[in-house]
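Peer 1: There's a structure below that I have some questions on.
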Amino acid sequence: MVESDYAVGIKELPEGDRPRERLLAYGAGALSDAELIAIALRSGIKGANAIHVAQGLLKRFEGLAGVAQATQDEMSAISGVGPAKAAQILAAFELGRRLAMSPEQARPRISTPENAARILMARIGNPKQEELWVMLLDTKHQVLRLHLVYRGQVDSASVRVCEVFREAVRDNAKAIIVAHNHPSEDTTPSPADIDITRDLRHAGDLLGIELLDHIIITRTTFRSLKQQQEGF
């Protein structure tokens with residue numbers, strides 16, 4: 001679609017260019033991020049159709065992951081969105097998050113850092129402050145649940161080892177994956193990140209609960225400290 005099409009209403013576009021019709025004909029996987037958001041929006045405003053509004057959202061929040069982490073107030077401030085349409089978009093993203101961790105998924109098995117990161121990125125994303133999460137795993141490395149341990153600056157002075165392992169002991173988990181986000185978008189571990197990893201690995205050895213990995217998450221990428229042998 002060319003730039004000049006943006007001012008054209010969705011209904012005025014050729015049928016083959018309309019997002020809903022394209023989804024029905026080719027499946028959701030064939031649509032761009034903007035087209036999928038446009039379907040959630042349903043309509044645009046005068047001079048800007050739903051695709052144009054969706055493009056504005058993606059540009060404002062620097063991509064799909066940014067839109068997923070935006071608040072209702074932040075979305076509502078975008079021209080053509082407003083509270084009702086923001087709620088529709090938030091609902092769509094929340095359904096995706098719940099599906100990623102729903103019991104019907106038969107407790108996904110973690111076999112690679114990529115497996116874990118995909119689940120963690122859907123749940124954690126990149127909030128404006130750091131959050132430390134623990135993924136509890138059974139003997140087959142299937143996910144039992146995710147648990148938020150700490151919100152704030154993640155460093156060795158503030159993170160207590162006993163808090164990280166408390167839920168793992170309670171749920172009889174056999175392994176854990178620790179993850180925290182870097183709002184800066186830089187996945188380089190700090191010296192404190194590596195110190196925490198060493199402390200948790202030693203504590204896990206004593207408790208008989210393996211620290212499988214420590215993963216640093218951003219909106220768009222991740223870093224496995226186990227893969228890089230940082231603190232392991």
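Peer 1: Which FRET efficiency, nearest 0.05, do GLN129 and SER79 yield, Cβ-Cβ r, R0 22 Å? Walk me through the numbers on the way to the answer.
Peer 2: Values: r = 28 Å, r/R0 = 1.29.
Approximately 0.20, to the nearest 0.05.
Peer 1: Using only alpha carbon pairs under 8 Å that are at least six residues apart, calculate the relative contact order of region 168-232 and give it in whole percent.
Peer 2: Result for region 168-232 is 41 percent.
Peer 1: Right, another one. Whole-Hz Karplus ³J(HN,Hα) for region 116-122, in order, using 6.51 cos²θ - 1.76 cosθ + 1.60 and θ = phi - 60°, x for Gly and Pro?
Peer 2: Once rounded to whole Hz, the list reads 5, 4, 4, 5, 5, 5, 5.
Peer 1: What lysines sit close enough to LYS174 to cross-link, taking a C-alpha to C-alpha distance under 23 Å and skipping anything fewer than 8 places away on the same chain?
Peer 2: LYS140, LYS226
Peer 1: Give the lysines whose C-alpha is closer than 19 Å to that of LYS46, dropping any in the same chain fewer than 8 places away, or say none.
Peer 2: Correct list for LYS46: LYS11, LYS85.
Peer 1: If you split all Cα-Cα distances of region 34-117 into 10 Å bins from zero, what percentages do you get per bin, shortest first?
Peer 2: In order of increasing distance, the bins hold 17, 45, 21, 14, 2 percent.
Peer 1: For the chain, with only Lys/Arg (+1) and Asp/Glu (-1) charged at the beta-carbon, what is the dipole magnitude about the Cα centre, in debye rounded to 20? Write out the running numbers ahead of the final one.
Peer 2: Numbers: 28 positive and 30 negative charges, 122 e Å.
Approximately 580 debye in magnitude.
Peer 1: Something else now. For the chain, what's the relative contact order in percent, using C-alpha pairs closer than 8 Å and at least 6 residues apart?
Peer 2: Numbers: 353 pairs, mean separation 31.9, N = 232.
Averaging sequence separation for qualifying contacts and normalising by length gives 14 percent for the chain.
Peer 1: Follow-up question, since we're still on this one. I'd like the distance between the alpha-carbon centres of region 186-231 and region 34-72, rounded to an integer number of Å.
Peer 2: Each part's Cα centre sits 35 Å from the other's.
Peer 1: Here's another thing I want to ask about it. Just reorder LEU146, LEU24 by solvent-accessible area, largest first, 1.4 Å probe, all chains present. Please list the in-between numbers first.
Peer 2: On the way: LEU146 35, LEU24 140 Å².
In descending accessible area the options line up as LEU24, LEU146.
Peer 1: GluC sites (Glu not before Pro), restricted to region 157-232: which are DSSP loop and have at most 13 other Cβ atoms within 10 Å? Each step should come with its number before you reach the end.
Peer 2: Working: sites: GLU163, GLU167, GLU185, GLU210, GLU230; in loops: GLU185, GLU230.
The qualifying sites are GLU185.
Peer 1: Using a ≥ b ≥ c from the Cα gyration tensor of region 110-190 (square roots of the eigenvalues), is it rounded, prolate or oblate, where a/c under 1.5 gives rounded and otherwise the larger of a/b and b/c decides, a/b for prolate? Let's see the in-between values first.
Peer 2: Numbers: a/c = 2.14, a/b = 1.28, b/c = 1.67.
Oblate, since a/c reaches 1.5 and b/c is not below a/b.
Peer 1: Separate question: Enter the accessible area per residue of the chain (Å², integer; probe 1.4 Å; all protein chains in place). If you can, show how the numbers build up before the last one.
Peer 2: Numbers: 12250 Å² over 232 residues.
On a per-residue basis, the chain sits at 53 Å².
Peer 1: Still on this structure: Once phi is turned into θ = phi - 60°, what whole-Hz ³J(HN,Hα) does the Karplus curve with 6.51, -1.76 and 1.60 give for every residue of region 39-54, x standing for Gly and Pro?
Peer 2: Going residue by residue, I get 5, 5, 5, 6, 8, x, 9, 4, x, 8, 6, 4, 5, 4, 4, 4 Hz, with x marking Gly and Pro.
Peer 1: If you don't mind, there's one more thing I want to ask. Compute the convex hull volume of the Cα atoms of region 55-100, divide it by the residue count, and report the result per residue in Å³ as a whole number.
Peer 2: Working: hull volume 2.8 nm³, N = 46.
Roughly 62 Å³ of hull volume per residue.
Peer 1: With r as the distance between the Cβ atoms of THR220 and SER43 and R0 = 22 Å, compute the FRET efficiency 1/(1 + (r/R0)^6) and round to 0.05. Please report the intermediate quantities before stating the final value.
Peer 2: Working: r = 29 Å, r/R0 = 1.34.
Plugging the Cβ-Cβ distance into 1/(1 + (r/R0)^6) gives 0.15.
Peer 1: Just to verify a number: what accessible area does HIS141 come out at with the full protein assembly present, 1.4 Å probe, Å² rounded to tens?
Peer 2: Rounded to the nearest 10, that gives 50 Å².
Peer 1: For region 29-68, calculate the relative contact order in percent as a whole number, restricting contacts to Cα pairs under 8 Å that are 6 or more residues apart.
Peer 2: In percent, rounded to a whole number, it is 32.
Peer 1: Then there is this: Taking amide H positions as placed in the peptide plane 1.01 Å from N, state which residues far from ASN181 in sequence (5 or more) or on other chains have amide H under 5 Å from it.
Peer 2: Those qualifying (amide H under 5 Å, at least 5 residues apart or on another chain) are GLU131, ILE217.
Peer 1: Ok, one more. Viscosity 1.002 mPa s, temperature 20 °C: what is the translational diffusion coefficient of region 154-232 from Stokes-Einstein with a Kirkwood Rh over Cα pairs, rounded to a whole number of µm²/s?
Peer 2: Details: Rh = 12.8 Å.
Taking Rh from Cα pairs, D becomes 168 µm²/s.
Peer 1: Rg to Rh for the chain: what is it, with Cα atoms only and Rh by Kirkwood?
Peer 2: Working: Rg = 20.8 Å, Rh = 19.5 Å.
Using only Cα positions, Rg/Rh for the chain is 1.07.
Peer 1: Near the amide H of TYR150, under 5 Å away, which other amide H atoms are found, from residues 5 or more places off or on another chain, if H is placed in the peptide plane?
Peer 2: HN-HN under 5 Å from TYR150: LEU132.
Peer 1: For the chain, which longest stretch is free of loop sites, where a loop site is one of the trypsin sites (Lys or Arg not before Pro) that DSSP puts outside H, G, I, E and B and that has at most 14 other Cβ atoms within 10 Å? Present the calculation step by step, with values, prior to reporting the outcome.
Peer 2: Values: sites that count: ARG42, LYS46, LYS128, LYS140, ARG160.
It runs 47-127.
The values are calculated or read from the model by the stated rules, or taken from the named source; none is laboratory data. These figures come from a predicted structure and were not determined experimentally. Glycine also receives a Cβ, built like all others from the backbone with ideal geometry; neighbour counts cover every protein chain displayed. Side chains included, ligands, DNA and RNA excluded: accessible areas come from the protein's heavy atoms. Shrake-Rupley method; radii C 1.70, N 1.55, O 1.52, S 1.80 Å.
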